[in-house]
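**Student:** Have a look at this one before I ask anything.
The values are calculated or read from the model by the stated rules, or taken from the named source; none is laboratory data. This structure is a prediction, so every number in the text was calculated from the model and none was measured. Cβ coordinates were reconstructed from backbone atoms using ideal geometry, including for glycine residues, and neighbour counts include every protein chain displayed. All accessible areas refer to the heavy atoms of the entire protein, side chains included, with ligands and DNA or RNA removed. Shrake-Rupley method; radii C 1.70, N 1.55, O 1.52, S 1.80 Å.
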Amino acid sequence: MKKVFAVIMGLLFWPMMARAENPAIDFVNRLADNIINDVLTADVPQDEKLTRFRAEFTEALDLKNIGQFVLGIYWRKATPTEKDEFLKAFMDFTTKTWADRFDSYQGQKIVFSGVRNAERNQFYVDSTIQNNPPVEVIWRLKQKDNSYRIIDIIVEGVSMAMSYRNEYSAFLQTHGGSVKALTEELKNKSANFVWSEEQK
């Protein structure tokens with residue numbers, strides 16, 4: 001999972017010349033611009049950077065769609081309160097995980113090769129990071145009312161959403177299918193999160 005995050009974060013540094021006139025690609029570009037300007041290069045304390053990143057991250061993701069997918073059959077069994085609490089814990093922990101990896105990345109170029117239709121108002125934005133060797137990254141977006149939200153990121157064939165689903169399914173299977181137990185696990189991980197800088 002850490003390798004996947006590392007590759008994804010490189011996408012936030014592609015040059016202006018990589019832009020293309022397509023609303024789906026423009027959505028990802030705007031997200032990158034906002035994070036670079038408001039988070040990475042902003043002269044503000046680390047806590048404020050995390051707050052700003054969380055705001056951008058929450059706005060960009062279709063959290064309910066992702067949460068429903070990663071819980072799988074357990075989503076249907078959960079109560080409305082359990083779903084809400086899980087989504088909050090999931091977002092909090094995931095935000096910290098992503099934000100923590102920003103300081104480790106260098107500028108990388110990206111080339112977009114197009115946008116493909118998926119099912120039910122969904123699109124794949126195909127891109128390649130010009131590493132050595134190149135890395136294929138696919139953004140899966142969902143469109144609603146002329147706006148887009150991220151529902152998955154696929155790096156070299158590895159789905160972020162599926163990785164979470166497999167991890168959480170394994171946990172739930174050993175904890176009696178308790179979404180509440182999973183939520184508490186995520187809260188504990190978030191509360192005891194150790195930032196990379198603190199480990200140096």
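**Student:** Just one of (1) among the aliphatic types (A, V, I, L, M); (2) open to solvent by less than 50 Å² (accessible area, probe 1.4 Å); (3) farther than 20 Å from Y124 by Cα; (4) modelled with pLDDT of 80 or more trips up A55, so point out which.
**Tutor:** So the condition that A55 fails would be (2).
**Student:** So, one more: Residues L50, L11, L40: which one is modelled with pLDDT under 85 and in contact with a strand residue (DSSP E or B) (Cβ under 7 Å, 6 or more places away or on another chain)? So that I can check it myself, show each step before the final result.
**Tutor:** Working: L50 fails: in contact with a strand residue (DSSP E or B) (Cβ under 7 Å, 6 or more places away or on another chain); L40 fails: in contact with a strand residue (DSSP E or B) (Cβ under 7 Å, 6 or more places away or on another chain).
Answer to the check: L11.
**Student:** May I pose another question? Being among the aliphatic types (A, V, I, L, M) and open to solvent by less than 70 Å² (accessible area, probe 1.4 Å) is the filter here; which residues of the range 145-174 pass it? Walk me through it before giving the result.
**Tutor:** Here is the first cut: in the range 145-174, the residues among the aliphatic types (A, V, I, L, M) are 150-151, 153-155, 158, 160-162, 170, 172.
Passing the criteria: I150, I151, I153, I154, V155, V158, M160, A161, A170, L172.
**Student:** Sticking with this one: Just to be sure I understand the filter: pairs with C-beta atoms under 7 Å, separated by 6 or more residues or on different chains, first member in the range 118-137 and on the phi < 0 side of the Ramachandran plot and of a type in the set (A, V, I, L, M, F, W, C), second member part of a loop (DSSP other than H, G, I, E, B) and open to solvent by 50 Å² or more (accessible area, probe 1.4 Å). Which pairs pass?
**Tutor:** Hits for this filter: V135/E156.
**Student:** Report yes if T128 is within 19 Å of the chain's Cα centre (by Cα), among the β-branched types (V, I, T) and modelled with pLDDT under 85, otherwise no. Even if it seems obvious, please write down each step before you answer.
**Tutor:** Working: within 19 Å of the chain's Cα centre (by Cα): yes; among the β-branched types (V, I, T): yes; modelled with pLDDT under 85: yes.
In short, yes.
**Student:** Answer yes or no: is there a residue in the range 108-121 that is assigned to a strand (DSSP E or B), open to solvent by less than 20 Å² (accessible area, probe 1.4 Å) and within 30 Å of I25 (Cβ to Cβ). Spell out the reasoning first.
**Tutor:** Initial filter on the range 108-121 (assigned to a strand (DSSP E or B)): 110-117.
With open to solvent by less than 20 Å² (accessible area, probe 1.4 Å) added as a condition, the list becomes 110.
Of the ones still in play, those that are also within 30 Å of I25 (Cβ to Cβ) are 110.
Yes, the range 108-121 contains at least one residue that is assigned to a strand (DSSP E or B), open to solvent by less than 20 Å² (accessible area, probe 1.4 Å) and within 30 Å of I25 (Cβ to Cβ).
**Student:** Continuing with this model, one more query. When the residues of the range 58-91 are narrowed to those that are small (G, A, S) and closer than 17 Å to S169 by Cβ, which ends up surrounded by the fewest Cβ atoms within 10 Å (Cβ to Cβ)?
**Tutor:** Our first condition is that a residue be small (G, A, S); within the range 58-91, this holds for 60, 67, 72, 78, 89.
Okay, now just the ones that are also closer than 17 Å to S169 by Cβ, so 67, 72, 78, 89.
Numbers: G67: 23, G72: 14, A78: 21, A89: 20.
Residue satisfying both the conditions and the ranking: G72.
**Student:** Considering only residues of the range 134-144 that are open to solvent by 70 Å² or more (accessible area, probe 1.4 Å) and more than 20 Å from W98 (Cα to Cα), which is nearest to the chain's Cα centre (by Cα)? Can you show your working first?
**Tutor:** Keep residues of the range 134-144 that are open to solvent by 70 Å² or more (accessible area, probe 1.4 Å), which gives 134, 136, 144.
Still in the running and more than 20 Å from W98 (Cα to Cα): 134, 144.
Working: P134: 21, K144: 19 Å.
Among them, the one singled out is K144.
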